[in-house]
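Have a look at the structure below, then the notes.
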Amino acid sequence: MIDYTDTEETIEKCFDEINSASQDKYDSDKADRTAALFLSAQMKLSFLIEEVEMKAKQAKNEISRIEGEKYFSFKEENLDKKITENMIVNFIAKDKEIVATKLECAKQEACLKKWVFILNTIRDGHVFYRNISKNKTWSE
């Protein structure tokens, strides 16, 4: 298996190339290699996104598990009392463990959205550099 620990470094290289292209005329001979760099970043990023998406889904499952556990625990502790379902839902919603788990889930989902946005930007960057490369052959 390929080591994907350098994903962020590869993405930084892509950003550097985008900044370079935005400031000066970009070397069309280099554009093919830069497009390949962007493809490499897309592949590495897809594995990172898979990992983050799995964590986000696991966090959602953990919320459901904890909520179910708290629900039945609360019901069993209060068998002799008349408690509405709405009261139980509110009791569970304010539980510190639930709040912390929902926060973790929100962080994972935000991280996932960030990486997907970056993946889309890198995909657009790949097309951009491929077009620069094609313009080289058309203008010759």
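Given an 8 Å cut-off on Cα distances and at least 6 residues of separation, report the relative contact order of the chain as a percent.
Averaging sequence separation for qualifying contacts and normalising by length gives 43 percent for the chain.
For the chain, which DSSP H helices look membrane-span-like by this rule: Cα extent along the axis of 27 Å or more and mean Kyte-Doolittle of at least -1.0?
28-77, 96-139
Counting Lys and Arg as +1 and Asp and Glu as -1, each charge on the Cβ, what is the dipole of region 29-139 about the Cα centre in debye, to the nearest 20?
The dipole of region 29-139 has a size of about 640 debye.
To the nearest 0.05, what FRET efficiency results for residue 100 and residue 79 with a Förster distance of 25 Å applied to their C-beta separation?
Details: r = 28 Å, r/R0 = 1.12.
Step by step, r from the Cβ atoms, then E = 0.35.
Which residue fluctuates most in the GNM of the chain (Cα springs below 10 Å): 102, 81, 30?
The residue that fluctuates most here is 81.
What distance in nm lies between label points placed 7 Å from Cα along the C-beta direction at residue 19 and residue 71?
5.1 nm
In a GNM of the chain with a 10 Å cut-off on Cα contacts, which of 101, 34, 84 has the highest mean-square fluctuation?
Largest GNM mean-square fluctuation: 84.
Assuming R0 = 41 Å, can you tell me the calculated FRET efficiency for the pair residue 62 and residue 27, based on Cβ-Cβ distance, to the nearest 0.05?
0.25
Hull surface divided by four, with the convex hull built on the Cα atoms of the chain: how many nm²?
12.2 nm²
Say the dipole of region 29-139 comes from +1 at the beta carbon of Lys and Arg and -1 at that of Asp and Glu; which of 78, 100, 49 then lies farthest toward its positive end?
The one lying farthest along the dipole's positive direction is 49.
Tell me, how many Å apart are the Cα centres for region 19-54 and for region 93-133?
Centre-to-centre (Cα) distance: 17 Å.
For region 29-139, with the dipole built from +1 on Lys and Arg beta-carbon atoms and -1 on Asp and Glu ones, taken about the Cα centre, which of 87, 135, 119 lies farthest toward the positive end?
Final value for the positive-end residue is 135.
Since every read-out is calculated from the coordinates, none of them should be taken as a lab result. Remember, predicted model here, so these are calculated numbers, not experimental data. Don't worry about glycine lacking a Cβ; one is built from the backbone with ideal geometry, like all the others, and counts go over all protein chains shown.
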